[in-house]
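A quick write-up on the structure given underneath.
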Amino acid sequence: MKLNHARFLNRLETLAQFGASGVFKGVVRPAYSEPDLAARDWIAQEMEQIGLEVQFDPVGNLFGLTEGQSILLGSHTDSQPQGGWLDGALGVIGALEIAQASMEAGGPPISVVNFQDEEGRFGVTTGSAIWSGVLPLEQADRIVDARGESFAQARSKLGTRAQGWVDPARFSAFLEMHIEQGPVLDQRELGIGVVSNIVGIRDMRVQIDGEQNHAGTTPMSMRKDAFQALASFAVTLNAKIASYVTHETVWTIGHVDLVPNAASVVPGTVTFSMQWRDASLARLDQIQDCIFDTLQMVCAEHGVTFSCSEPLGIVPTQMDQSVQTALQHAAQELTPSLWIDMPSGALHDAANVAKLMPTGMLFVPSIGGLSHTFTEHTDPKDLFRGLDVLAAGVTRLWRRNSFPSHIA
Ligand SMILES: [Zn+2]
C-alpha cells in the first residue's frame, strides 16, 4: 500500500482544531463534551468518504467497518482536561490513513475504531472496557464524574448516533499506535517502541485518624498527628520495598487531604491516594502486603489508626506474540537500530481489547517525555516512521494469518 504522509498530517492538524486550547497544539476535548462529539462526527464523515461503514455503539465508541473479516486499528480522540494533540488522536488518524491506503491498494482489509472516554472521565479506559466486557454497562451507567454527571446522562448526548454493539468476532487482531508519553525513546534517540506488555495498576484511598488538637499547647509526646504518621509511612515504605522492586515499578501518593489543614492545629485526619504499578501480578500483591504492614507498624508507633478502601486496578497485560513479531520484523526492515521492545507504563485501550483478540501496540517518541499537557509534541518524521512501521506490520500479520487459507 502507498501511504500518504501529507494527508495523514493534514488530518491530524484538522483534528487538533476541535477543542483547540490556543496554547501550542493543545486540546480540551473530554469525553462527551461538545468538541469531543464534533470531532467524532468529523471522523465519521472521513470514514464514510474512505468507504468504511460507520457505526457508533451505545456508549459512543466509533467504528469504521470494512466488509468481512478485518484487522482493527485505532485508539481514542477524547482528551484529558488539558491534553495534547497526539495522545490517542495519532492512533485513530494513523488507522484512517492505513485503511484508506489499503483500500486504494486492494488490501489488506482494515477497520478503524475510536474508543470513547479512554482518559477516564468516568472510569478507566471506559469505552473499551465496556466493549470488551471488563466493565458491565449497568455498572458504568452509575459512575459519576467530578462534576456530578452520571455516565448514563453523558452517553445520552449521543442521541440518534447510538446504534448496536459491534461484534468483536469480525476482527482478527487489534493494533494501537500511540505516543510513548514517557522519556525512554526520546532520551535514547530511538524511533519505535514495540510494546511487550502493559503494566498493571492498583489504586486505593487510605485514611489515617489521629487526634486534632492545639498546636501550641499539645506537647510533642502527647500528639496523635495524622500528618507525621503519613510522612513516616511514605519514607518507611520507600525503604522497605526498595529491595525487590524493579526500575520499572512505580508508586505514588498523588492526592493528600489534610484535616483541618490549618497552621496552628495538629492535624487529626489525613486521607490520601496510594497507587502502584508493576508488570508482575505477584509483585503488585507483594507491594500491597508491604503497604498494609507498613501502615500497621507506623500507625502503632504514632498512636493513630488507619482504614483503606478496596484496592482497585487492572491486571498486567501481555501483548500477543504474533503481533509483536510482525511489528518487530517491520521495524527491523524499515528502521534497523532505531527500535526496541519496551513495556507500557501507561494504561491503554489495548489492555482491554487484548481480552478479545490478539493485540499489539507501537510507540513513537514523546519530545521531553511530555504528555497530558498542551505542550505534548512529536517530530512529524517520527510520526511518519510510526505510520510506516504500523502499516508494514499489519501487512505482514495479514499475510501470515491468511496464508494457510490461500493454499487450502
Ligand atoms: Zn491515550
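No lab work stands behind these numbers, since they all come straight from the coordinates. What you are looking at is a predicted structure, and each value in this text was computed from that prediction instead of being measured. In this analysis, Cβ positions are derived from the backbone assuming ideal geometry, glycine residues included, and neighbour counts consider all displayed protein chains.
Subtracting the Cα-Cα distance of GLN163 and GLN49 from their residue separation scaled by 0.36 nm leaves 39.1 nm.
Taking a quarter of the surface of the Cα convex hull of the stretch 205-314 gives a mean projected area of 7.0 nm². Across the chain, the mean sequence separation of Cα contacts (distance under 8 Å, 6 or more residues apart), normalised by length, yields a relative contact order of 22 percent. Counting other C-beta atoms within 10 Å, and keeping those with at most 15, which DSSP coil GluC sites (Glu not before Pro) do you find in the stretch 24-76? Counting only loop positions with at most 15 other Cβ atoms within 10 Å, the GluC sites (Glu not before Pro) in the stretch 24-76 are GLU67.
Near PHE18: Cβ cut-off under 10 Å, other residues only, Lys/Arg at +1 and Asp/Glu at -1. The net charge is -1. Over all pairs of different C-alpha atoms, the chain has a mean inverse distance whose reciprocal, the Kirkwood radius, equals 22.8 Å. Label sites at ALA262 and ASP379, each approximated as a point 7 angstrom past Cα along Cα to Cβ, lie 5.6 nm apart. Other residues lying with their Cβ under 12 Å from the Cβ of LEU230 contribute a combined charge of -3, Lys and Arg counting +1, Asp and Glu -1. Computing FRET efficiency as 1/(1 + (r/R0)^6) for HIS372 and MET222, where r is the C-beta to C-beta distance and R0 is 60 Å, gives about 0.85. In units of the compact-protein estimate 2.2 N^0.38 Å, the stretch 1-107 shows a Cα radius of gyration of 1.05.
Can you list the trypsin sites (Lys or Arg not before Pro) in the stretch 257-357 that are in a DSSP coil and have 16 or fewer other beta carbons within 10 angstrom? Counting only loop positions with at most 16 other Cβ atoms within 10 Å, the trypsin sites (Lys or Arg not before Pro) in the stretch 257-357 are LYS355.
In the chain, the longest principal axis of the Cα atoms and the axis of helix 281-302 are about 20 degrees apart.
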